[in-house]
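One structure is given below, encoded as C-alpha cells.
The values are calculated or read from the model by the stated rules, or taken from the named source; none is laboratory data. Predicted model, so just to flag it, every value in this text is computed and none were measured. Here the Cβ positions follow ideal geometry from the backbone for every residue, glycine too, while neighbour counts run over all protein chains shown.
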Amino acid sequence: MSPAGSEEETEQSGLSEAGGRPAQDQPAAHHDGHRDRLRERFAAAGADALADYELLELILFRTIPRRDVKPIAKALIARFGSLAEVLNAPRRRLTEIAGVKDAVALDLSIVAAINQRAMRSAVRRREVLSSWAAVLDYCTAAMAHESREQFRILFLDKKNALIADEVQGTGTVDHTPVYPREVVRRALELSATAIILVHNHPSGDPTPSRADIEMTRTIADVARPLGIEVHDHIIIGKAGHASLKGLRLL
C-alpha cells in the first residue's frame, strides 16, 4: 500500500499500482483524443483553422503532458488579452495563472524568442526599405509588449541593408534618455550611411510626443553633415505604429 500523500508522485511517474498502467486512464485517454484531433487539424489545414487558444494548447501539450490544457490556454488569453501578449508576458506574471509553472512560462518565452529571431533573420536578408512590412513586424514583435520604453536603432549600409540592430537604451514607462551624438558616434563606428530610429510607447498609443519629434530632428541635424541619413523614426505601440516620416514630421 502506498503511503498517504503519494498520489502526486504516482501521477508524475505515470504509473498506477495495479499492473503498471498509466494513472488516470480515462481522463488521459480523453485528453489524448483531443490532442490528436487538434494536431490533425493543424497538420491538415494549418494555423488559420485553429483559434488562438488552440494554438496555445499545442504548445502547452508538450510541457503539461497529463492535464486538460484548454482551460489554462483560455485563462492565459483572458488574462493577457491576446496570444502575442501571452507569449511576451513576463514569466513571473504567467505563473500567476493556475496550472502554469516555471517550466511552462519558460517554454512560452522561448517561443516568443524564436519568433523574434526568425523575424530579425528575415529583415537581415533583405534591403530594408523594400521590405518595410517585415521591418515593422519585427519591431512590433520585439518591442510592442515591453513594459518600459526602449530606444532601438537599425544601422544600414549604402545599399540600405541591415548592418546591426541595437537597443541603445531602456528607460521608464514613458521616457528613455537619448543622446544624439552617441547615436551618430555608433553609426560612424559601424560605417553606417543611414539609420532608422525605433522606440516603443508602453501606453499602447504610438502617437509621437513633442519630445519625440524634437529628438528626431536633432539627431538628423547632427547626422546629416557626416553623411548619415535618418530614414525614419518609428514609434511602436500595441495599437499599431506611427512613422514620423509618414506624418511629415521628419
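In the range 11-29 there is no residue matching the filter, namely being in a loop (DSSP other than H, G, I, E, B) and modelled with pLDDT of 85 or more. Of the residues making up the range 154-166, those that are exposed (fewer than 15 other Cβ atoms within 10 Å of the Cβ), under 16 Å from HIS233 (Cβ atoms) and either among the hydrophobic types (A, V, I, L, M, F, W, C) or more than 19 Å from the chain's Cα centre (by Cα) (or both) number 0. Has the range 218-229 got at least one residue that is farther than 24 Å from ILE163 by Cα, surrounded by 14 or more Cβ atoms within 10 Å (Cβ to Cβ), in contact with a strand residue (DSSP E or B) (Cβ under 9 Å, 6 or more places away or on another chain) and touching a residue at least 24 places away in the same chain (Cβ under 8 Å)? For the range 218-229, residues farther than 24 Å from ILE163 by Cα, surrounded by 14 or more Cβ atoms within 10 Å (Cβ to Cβ), in contact with a strand residue (DSSP E or B) (Cβ under 9 Å, 6 or more places away or on another chain) and touching a residue at least 24 places away in the same chain (Cβ under 8 Å): absent.
Could you tell me how many of the residues in the range 56-71 are buried (at least 16 other Cβ atoms within 10 Å of the Cβ) and over 14 Å from GLY99 (Cβ atoms)? Counting residues in the range 56-71 that are buried (at least 16 other Cβ atoms within 10 Å of the Cβ) and over 14 Å from GLY99 (Cβ atoms) gives 1. Checked against (1) touching a Ser or Thr at 6+ places or on another chain (Cβ under 8 Å); (2) not in a helix (DSSP H, G or I), ARG67 passes all but condition (1).
Scanning the range 36-53 finds no residues that are surrounded by 14 or more Cβ atoms within 10 Å (Cβ to Cβ) and at positive phi.
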